[in-house]
Amino acid sequence: MKANTADKLSIKHIVNSKITSVDFNNLDFGKTFTDYMFECDYVDGQWKNPTIKPYGPMIIDPSARVFHYGQAVFEGMKAFKDDHGEVWLFRPEQNFERINLSSKRLAIPEFPKEFFFEGLTTLLKLDKDWIKPGFGNALYIRPFVIATEPAIAASPAEQYKFMIICSPAKAYYTGEIRVLFAEKYSRSAHGGVGFAKAAGNYGAQFYPTNLANQAGFQQIIWTDAIQHEYLEEAGTMNIFFRVGDKLLTAPTNDRILDGITRKSILQIAQDIGVSCEVRPVSVTEIKAAAQEGKLKEMFGTGTAAVISTISAFKHADDLYELPELENSYASKLKNTLLNIQYNVSPDPHGWRYKI
Ligand SMILES: *Cc1c(COP(=O)(O)O)cnc(C)c1O
């Protein structure tokens, strides 16, 4: 999709910043938003009028197709501030490519690269005081696209809005996560939209996840929709298992989201000499490894929490508690990744992107 390059980014400035009213030590994840937001409209077959303006509510027609047919995709990324006050993104071109991959699957027109990067970098410069230095502090960035055309015929919309909103975040510590291996419900199926960051993938998980919560488990590890035998992902995180000294994770496919944290962790593991196997991982094998004491760690990877350690899992009537580990792979991999993200260590793979 080509940008209408005659369109210049327009900026409407705030009168007063909200920042002094925010307690940065007590932030609920995703509930506080910065001063500005970016938006761009798709009309008459073109993305037009890229604009940055004060964050706030907007008017959308009740017949907008997003409300009826769920044409909505999003991304999740973070900006970090180093000790010299410089702001960095982590592999943002991957988020750009992935939102267009998601859009394509939902029959949404792809967004132009020029608009994405110009909008994003300008927005971050305007909101830079909202990014605090120190490990764990970050600005969570949420680009998304919705179908805004007021027309309830069941077909792809002809009008869309691309937006970016930003939310300051403290370290997103999930605590000890206990998980259920899915036996009945499925998140995605072969040929479906599991690989896309589509809003509907989340909506469909909430009910089974509520049931898991009631049983004392924070998350579900989704399994393949046919046999419920192969462990796929956690639905907001990709998943790794450490059996003996080896890390295992499922290969990505059209049912599994290709996480940027996952691929970065795989690379870092290789860099620091941790051996990894990317192959289908079965429930039977993980239960056997747990029984034999060979299952050392399980963890999820994703932008929000980076790495979340899993302390227990349940499948059928069998509950397994994982031992607490010093010098875990999870903490080693997480620290190496954070050091790159916060510009503490060298960046051998060119992952940092300076704002
Ligand atoms: C976003 C997401 C992830 C994690 O991806 P990252 O790029 O590492 O943040 C994993 N699974 C699903 C379903 C997701 O939506």
Exercise. In the stretch 282-294, is there at least one residue being within 16 Å of the ligand (Cβ to nearest atom), open to solvent by less than 20 Å² (accessible area, probe 1.4 Å) and not polar (S, T, N, Q)?
Worked result: no
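Only one of these is part of a helix (DSSP H, G or I), within 15 Å of the ligand (Cβ to nearest atom) and in contact (Cβ under 8 Å) with a residue 60 or more places away in the chain: Gly194, Gly200. Name it. It would help to see each step written out before you state the result.
On the way: Gly194 fails: part of a helix (DSSP H, G or I).
Checking each option against the conditions leaves just Gly200.
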Seminar exercise, completed: Of the residues in the stretch 255-278 that are more than 16 Å from the ligand (Cβ to nearest atom) and of a type in the set (Val, Ile, Thr), the one that is least open to solvent (accessible area, probe 1.4 Å) is Val274
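Report those strands (runs of 3 or more DSSP E) wholly inside the stretch 204-311 carrying at least 2 residues which are within 13 Å of Leu333 (Cα to Cα) and in contact with a Phe, Trp or Tyr (Cβ under 9 Å, 6 or more places away or on another chain). Spell out the reasoning first.
Values: elements: 219-223, 231-233, 238-243, 246-249, 276-278, 295-302.
Passing ranges, in order: 238-243, 295-302.
Looking at the stretch 82-119 only, could you name the residues that are of a type in the set (Val, Ile, Thr) and either within 16 Å of the ligand (Cβ to nearest atom) or open to solvent by 20 Å² or more (accessible area, probe 1.4 Å) (or both)? Outline the logic, then answer.
Of the residues in the stretch 82-119, the ones of a type in the set (Val, Ile, Thr) are 87, 99, 108.
Listed by number, the list holds a single entry, Ile99.
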Exercise. Do the conditions hold for Val306, that is, is it surrounded by 21 or more Cβ atoms within 10 Å (Cβ to Cβ), under 30 Å from Phe80 (Cβ atoms) and within 16 Å of the ligand (Cβ to nearest atom)?
Worked result: yes
For this session: Please work out which residue is nearest to Thr236 (Cα to Cα), limiting yourself to the stretch 310-330 and to residues that are modelled with pLDDT of 95 or more and open to solvent by 50 Å² or more (accessible area, probe 1.4 Å).
Result: Lys314
For this session: Of all residues in the stretch 31-55, count the ones that are open to solvent by less than 20 Å² (accessible area, probe 1.4 Å) and under 14 Å from Gln159 (Cα atoms).
Result: 3
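At negative phi and either within 15 Å of the ligand (Cβ to nearest atom) or surrounded by 23 or more Cβ atoms within 10 Å (Cβ to Cβ) (or both): does that describe Glu232? So that I can check it myself, show each step before the final result.
Numbers: at negative phi: yes; either within 15 Å of the ligand (Cβ to nearest atom) or surrounded by 23 or more Cβ atoms within 10 Å (Cβ to Cβ) (or both): yes.
Answer is yes for this residue.
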Problem set entry | Matching entry among Glu183, Glu229 (being modelled with pLDDT of 95 or more, in the same structural domain as Ala316 (by TED's automatic domain parsing) and out of contact with any helix residue (DSSP H, G or I) (no Cβ under 7 Å at 6 or more places or on another chain)) | Glu183
Exercise. Just a yes or no: is a residue in the stretch 159-168 outside the structural domain of Leu231 (by TED's automatic domain parsing) and in a loop (DSSP other than H, G, I, E, B)?
Worked result: yes
Exercise. Of the residues that sit in the stretch 1-27 and are open to solvent by 40 Å² or more (accessible area, probe 1.4 Å) and of a type in the set (Gly, Ala, Ser), which one is modelled with the lowest pLDDT?
Worked result: Ala6
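Is it fair to say Thr252 is surrounded by fewer than 23 Cβ atoms within 10 Å (Cβ to Cβ), within 15 Å of the ligand (Cβ to nearest atom) and under 20 Å from Glu176 (Cα atoms)?
When the stated conditions are applied, Thr252 does not pass them.
The values are calculated or read from the model by the stated rules, or taken from the named source; none is laboratory data. Worth saying up front: this structure is predicted, and the values here are computed from it rather than measured. Neighbour counts are summed over all protein chains in view; Cβ atoms, including those assigned to glycine, are modelled from backbone coordinates with ideal geometry. The accessibility values were calculated without ligands, DNA or RNA, using every heavy atom of the protein model including side chains. Shrake-Rupley method; radii C 1.70, N 1.55, O 1.52, S 1.80 Å.
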